[in-house]
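Everything on this sheet refers to the single structure shown next.
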Amino acid sequence: MKIQGSVHKYGDHVDTDVIIPARYLNTADHKELAAHCMEDIDKDFVNNVKEGDIIVAGVNFGCGSSREHAPIAIKAAGVSCVIAKTFARIFYRNSLNIGLPILECPEACDNIDAGDKVSVDFDSGTITNITKGVSFKAQPFPPFIQNIISKGGLLASLKK
């Protein structure tokens, strides 16, 4: 599986409260969550994000509360992948559970800027900054995780 998109870049310790503010947690509607994704850290995100775009961030992305609303909002906003130096463990698990691909690669994060075009090959773990003409290697997902992601999440993969 391969994806390509433009980058939205964030720093360290982006917590679930800025990914999807608590005031919007009274809905389970994915489109409504997407409409407010990142608004407390980047008010223009929802107006600028395009289907297939990629979020790149620093350490501990998704820290804070264990709400699954955060990766749901990101995925529903059209983001195809999140690349970070590290992820909060519960965010990592919630992302895989809902079928949002995430990769840890500090070197890529240090060499990718907002607006860069990036491609990701999930089979090999190769992250290519097309804009700068450089590639990086992340740990690829094992086949069973790739299956979960390709089917749209854990529950969807179990149903199929």
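The values are calculated or read from the model by the stated rules, or taken from the named source; none is laboratory data. Please read these numbers as outputs of a predicted model, since none were measured by experiment. Cβ: placed from backbone, ideal geometry, glycine included. Neighbour counts: every protein chain shown. Side chains included, ligands, DNA and RNA excluded: accessible areas come from the protein's heavy atoms. Shrake-Rupley method; radii C 1.70, N 1.55, O 1.52, S 1.80 Å.
Values for this structure:
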| quantity | calculated |
| --- | --- |
| Tensor-based shape of segment 40-130 (alpha-carbon gyration tensor, a/c under 1.5 rounded, otherwise prolate or oblate) | rounded |
| Three-way shape call for the chain based on the alpha-carbon gyration tensor, with the a/c threshold at 1.5 | oblate |
| At R0 = 35 Å, FRET efficiency that the Cβ-Cβ distance of residue 132 and residue 156 yields, to 0.05 | 0.50 |
| Candidates 120, 82, 49, ranked by Gaussian network fluctuation over the chain, Cα under 10 Å, top entry | 49 |
| Per residue, in Å², the accessible surface of the chain once ligands and nucleic acids are set aside, probe 1.4 Å | 47 Å² |
| Helix-only CD estimate at 222 nm, as mean residue ellipticity for the chain, using -39500 (n - 2.57) per DSSP H run (n ≥ 4) | -7500 deg cm²/dmol |
| Net charge of Cβ neighbours under 15 Å - reference residue 75; Lys, Arg +1; Asp, Glu -1 | 0 |
| Rg(Cα)/(2.2 N^0.38 Å) for segment 78-159, N = residue count | 1.10 |
| Share, in percent, of DSSP beta bridges within the chain that are antiparallel, nearest 5 | 50 percent |
| Neighbour net charge for residue 137 - beta-carbon separation under 12 angstrom, K R +1, D E -1 | -3 |
